[in-house]
Amino acid sequence: MAQSDMVIFNRTFDCLAWLMNMTNHFPRAHRQTLTKRLLDAAFDLRERLEEANLRRGRNRFSSLQGADEALARVRLYVRLAHKMKWMTDGQYFHVSSMLVEIGRLLGGWRKA
């Protein structure tokens, strides 16, 4: 299926762009730790989805599994950023909603 036809690519791009903008407001002292890990996990998620779209069979499943693992890391780091009060409750709700939708789309693709 063409990448432009798959909603998950649009949602992950939007989430990645939102996170990149949001992390600019995190404390400078944590830019090399939590901020880097969060953005690396978000980029890993997107890259694994790109790989899965180009692969078939077991290789596709392996890439989708990697995407699922990266999504779990993104969720962890977002939760930690909220706990540290670097995100408001509204921002946390917004990004969590995006991550839930991405998780549903990813789960549907894995089952297909």
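The values are calculated or read from the model by the stated rules, or taken from the named source; none is laboratory data. Since we're looking at a predicted model, the values are computed, not measured. When we count neighbours, we look across all protein chains shown, and the Cβ atoms used for this are built from the backbone with ideal geometry, even at glycine.
From G57, G66, grab the single residue that is more than 24 Å from Q91 (Cβ to Cβ), small (G, A, S) and at pLDDT 95 or above.
Matching residue, one of G57, G66: G66.
Give M87, M98 a once-over and let me know the one that is crowded, with 18+ Cβ neighbours inside 10 Å and outside any helix (DSSP H, G or I).
After ruling out the rest, the residue left standing is M87.
Could you look through the range 70-84, keep only residues that are over 10 Å from the mean Cα position of the chain (by Cα) and surrounded by fewer than 16 Cβ atoms within 10 Å (Cβ to Cβ), and pick out the one that is farthest from K111 (Cα to Cα)?
M84
For (1) free of Cβ contacts under 8 Å to residues at least 40 places away in the same chain; (2) among the acidic types (D, E); (3) surrounded by 16 or more Cβ atoms within 10 Å (Cβ to Cβ), each residue gets a yes or a no:
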| position | (1), (2), (3) |
| --- | --- |
| V7 | no, no, no |
| D14 | no, yes, no |
| N24 | yes, no, no |
| T35 | yes, no, yes |
| L38 | no, no, yes |
| A42 | yes, no, yes |
| L45 | no, no, yes |
| L49 | no, no, yes |
| N53 | no, no, yes |
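Residues of the range 56-69 being surrounded by fewer than 12 Cβ atoms within 10 Å (Cβ to Cβ) and of a type outside the set (K, R), which ones?
G57
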